[in-house]
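What follows is one structure encoded as structure tokens, with my remarks underneath.
The values are calculated or read from the model by the stated rules, or taken from the named source; none is laboratory data. Note that the structure is a prediction, hence the values are computed from the model and not measured. We place every Cβ from the backbone using ideal geometry, glycine too, and count neighbours over all the protein chains shown. Ligands, DNA and RNA are stripped out before the accessible areas are found, and what is left, the full protein with its side chains, is counted by its heavy atoms. Shrake-Rupley method; radii C 1.70, N 1.55, O 1.52, S 1.80 Å.
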Amino acid sequence: MPVITYKDIQHDINRIANGDKSPIFCSQPISEFLTSSGTSGGERKLMPTIPEEIGKRFQLRGLGMSVISQFVPDLEKGKGMYFWSIKSEAKTPGGLTARPVLTSMCKSPYFNNNRFSPYANYTSPAETTLCPDSYQNMYSQMLCGLYQCKEVISVGSPFASSFIRAIRFLEKHWSLLCNDIRMGTLNTQITDQSVRESVMKILKPDPELADFIEAECSRDSWQGIIARLWPNTKYVAVVVTGSMSQYIPTLDYYSNGLPLVSTMYGSSECYFGINLNPFCKPSEVSYTLIPTMCYFEFAPIHRDNGVINSISKSKLLNEKEQNQLVDLIDVQIGQEYELVVTTYSGLYRYRVGDVLRVAGYKNNAPQFYFVCRENVILSIDSDKTDEAELQNAVKTAGHNLIPFDTNVTEYTSYADSATIPGHYVLFWELNVNGSTQIPPSVFEDCCLTIEESLNSVYRQGRASDKSIGPLEIRIVEIGTFDKLMDYCVSLGASLDQYKTPRCVKFAPLVELLNSRVMSRHFSPTCPNWVPGNKQWNNMN
């Protein structure tokens, strides 16, 4: 079988989406599509799945919790406070549901059955998790978590970014939450009847607890607020690898250095493996791939290390060598590979796009560091923006400057996680030939144009999930990018081979750019977004 990418099977995906029920990918009928955070033509990719596949994902979650129980005594005696939310769903023309994997799992029969597991004792009723309204979802889950704070031994969310949003939500609404706990009532803004009924089965008036929460939240500093409000918490369960690592300092601040536990590694295509040493440092997280989840192969990667702090573009072997992939047993310590999988749902030798490095072994099983996604330069939440997409968006936005005889001569970007939610920042150096001053509203239009040009995952994060803040453009002084080059060269970059990095993460480079900012502009509104593929009817 040839090694394939999504484009190679997109035609067949569309056939199934349009109602073709023949066994195109596997003998079992496709039950739904899982929408990935990667994009194809600006839209989410559709990953075919079957019920057996969802069951395997829950099995891996159970295995992960069993591993944690070896490190946390009496794990089954406490409760977990987890902030989960469901995302928008769509129906394909053929009637199949298309939704993100976590939404699928929350709505799966396995989810309710899993709650009988000794390790699945959660503070939040299922009704709060399944509430589609983001405010009611977050408010009700936070209320239940606060009310049962002394029983909580673990807290978390799928991603570090989403857990930090929950803490910031508490910062804004703690007085309302305290009032509900004090009175044993539920705020009138919570209108979902199933949510109200499920929460009121838990909530009783507790003035003493309300006073305790109010005292802690009223302090000048919120450092260690997680450990203070949930004093028996042993760890924070969030993904902190890859792009989520930018949130580690914020999590450490709020938790007083509680262990940050990344339990599993997976994607929309399949779940792959678990962390057998969950209480290791975030920088040391490695995953052991479980061979029963799918069939694993690995394409060795050769890197072209260019400019300091620029995103190195990984180069796969040529087509002939791609078809001579390495099996799981043959990977070499220290070598980087792109992951290739064959799944139960019918993806054959599919390139996932993840770059992994072999970290070591557990007995004879290789363990892998997650290095990065291929070609992704910007990410705040589940969004992934590559260099080509950003370049096209900047080019499109630059048309707004033509009436002023101005153009963008250089640009770079970074993902600012200091704000919650985080947001994209672009540094622009301009060539101004016209004499008319450019109004700030024009740069705001440029911000929005860029956002409208980005993929549907980004636009959903901005418009629906509110997990990404307004895009920002910072106009820098003329000559800024020359100074950026000088600095990179001073650190050892080759002057002959230097290319402006389109994304900067190295703190001194960000500081240099910020020191030369003349003006800042934000997108004035959210970009357009509707659930589902552009050509589908949306699900009501």
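Descriptive notes on the structure:
- About the Cα centre, charge dipole magnitude for segment 377-536 (Lys/Arg +1, Asp/Glu -1 at Cβ), debye: 240 debye
- Proximal lysines relative to Lys107, as straight alpha-carbon distance under 18 Å, when same-chain residues fewer than 8 apart are discounted: Lys56, Lys87, Lys91
- Over all other residues within a Cβ to Cβ distance under 15 Å of Ile478, the charged ones net out to -2, with Lys and Arg as +1 and Asp and Glu as -1.
- Cα centroid separation, segment 327-401 to segment 185-263 (Å): 32 Å
- Label selected from (1) -0.32, -1.22; (2) -0.22, -1.29; (3) -0.21, -1.13, the criterion being log10 I(q)/I(0) by the Debye sum over Cα atoms at q = 0.05, 0.12 Å⁻¹ as computed here: (2)
- Maximal additional length on extending the Lys466-Arg520 stretch stands at 17.3 nm, based on 0.36 nm per residue less the C-alpha distance.
- Put simply, the amide H of Phe272, placed in the peptide plane, has neighbours under 5 Å in Tyr265, Gly266, Ser267, leaving out anything fewer than 5 places away on its chain.
- Taking the Cα centre of the chain as reference, the dipole from Cβ charges on Lys and Arg (+1) and Asp and Glu (-1) amounts to some 920 debye.
- Residues Arg15 and Val432, FRET efficiency given R0 of 45 Å [Cβ-Cβ distance, rounded to 0.05]: 0.30
- Amide H contacts under 5 Å for Val261, placed H, 5+ residues apart: Val236, Ala237, Val238
- Residue-level accessible surface for Glu53, protein heavy atoms, 1.4 Å, Å²: 0 Å²
- Computed FRET value (nearest 0.05) for Ile333 with Asn363, which takes r as the C-beta separation and R₀ as 22 Å: 0.90
- Local electrostatic count at Ser523 - Lys and Arg +1, Asp and Glu -1, tallied over other residues with Cβ under 10 Å: -4
- Cβ-placed point charges (K, R +1; D, E -1), dipole of segment 338-434 about Cα centre in debye, nearest 20: 580 debye
- Positive minus negative residues near Asn392 (Lys, Arg vs Asp, Glu; Cβ under 14 Å): -3
- Split the accessible area of the chain by element, probe 1.4 Å, and carbon with sulfur accounts for 50%.
- Ellipticity estimate at 222 nm from DSSP helix runs (n ≥ 4, -39,500 (n - 2.57)) divided over the chain, nearest 500: -9500 deg cm²/dmol
- Relative contact order (%) - criterion: Cα under 8 Å, at least six apart; region: the chain: 14 percent
- Between Ala359, Pro93, Val240, the Cα set farthest toward the positive side of the dipole of the chain (charges on each charged residue's Cβ, about the Cα centre) is that of Pro93.
- Proximal lysine pairs, segment 377-536, alpha carbons under 27 Å, eight or more residues apart or interchain: 14
- Thr436 - accessible surface, heavy atoms, 1.4 Å probe, Å² rounded to 10: 90 Å²
- For the chain, the solvent-accessible area works out to 44 Å² per residue, with a probe of 1.4 Å and every protein chain left in place.
- Within straight-line cross-link reach of Lys150, lysines at Cα separation under 19 Å, skipping those fewer than 8 residues along the same chain: Lys77, Lys79, Lys201, Lys204, Lys234
- Simple label model, 7 Å out from Cα along Cβ direction - Ser441 to Thr419, nm: 2.1 nm
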